[in-house]
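Below you'll find the structure, written out as structure tokens, and then a few comments.
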Amino acid sequence: MPRTRGGCAHEIAAKGGRAGLEPRWGRKVLELRPVGGGGKDAAVASLLAGGQLSAAVYAGDDRTDLDAFRRLRELAESGELATAICVGIVSPEAPPELPEEADLIVDGPDGWLQILKWLGE
């Protein structure tokens, strides 16, 4: 169980929940966010709002990135994006459902770097 100066992370998550915040666990991180929003999914929606882009690629390696994957799929299904690609970056700490949620899996940050180099060509 992760420890912090103020006590155990699970205790902090419980206190946040009692204060009306939603605890979300990521890889080596605890996010306390307003219920119903404020995570990576909301950030993706905000960045893509306005319909200026027709395609988006998002890469991630933790549980909170799965929220962004789902939001990208929603934007593609609604027609706000023509193409949405979700790239899972495999690491020892990655959530077990990452391969199922991603369109493409790469081996670590070096694998993602290879994709970026290919896209830049």
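The values are calculated or read from the model by the stated rules, or taken from the named source; none is laboratory data. Because the structure is a prediction, the values reported are computed rather than measured. When the accessible area is computed, the model is the full protein with side chains, heavy atoms only, and any ligands, DNA or RNA have been set aside. Shrake-Rupley method; radii C 1.70, N 1.55, O 1.52, S 1.80 Å.
Here are a few things to note about the model shown:
- The 3J(HN,Hα) values that the Karplus relation (6.51, -1.76, 1.60; θ = phi - 60°) gives for segment 79-85 are, in residue order, x, 6, 10, 7, 9, 9, 10 Hz. Gly and Pro appear as x.
- For the chain, accessible area per residue (1.4 Å probe, heavy atoms of protein chains only), Å²: 62 Å²
- Anchor Lys117: lysines whose Cα lies under 27 Å away (excluding residues fewer than 8 positions away in-chain): Lys40
- Length gained when the stretch Ile115-Glu97 is fully extended (0.36 nm per residue, less Cα-Cα span): 4.3 nm
- Over the residues of the chain, the helix contribution to mean residue ellipticity at 222 nm works out to -12500 deg cm²/dmol, using -39500 (n - 2.57) for each DSSP H run of at least 4.
- Calculated diffusion of the chain, Stokes-Einstein form, Kirkwood radius summed over Cα pairs, 37 °C and 0.692 mPa s, µm²/s: 208 µm²/s
- When the solvent-accessible area of the chain is split by element, carbon and sulfur atoms take up 54 percent of it, the probe being 1.4 Å.
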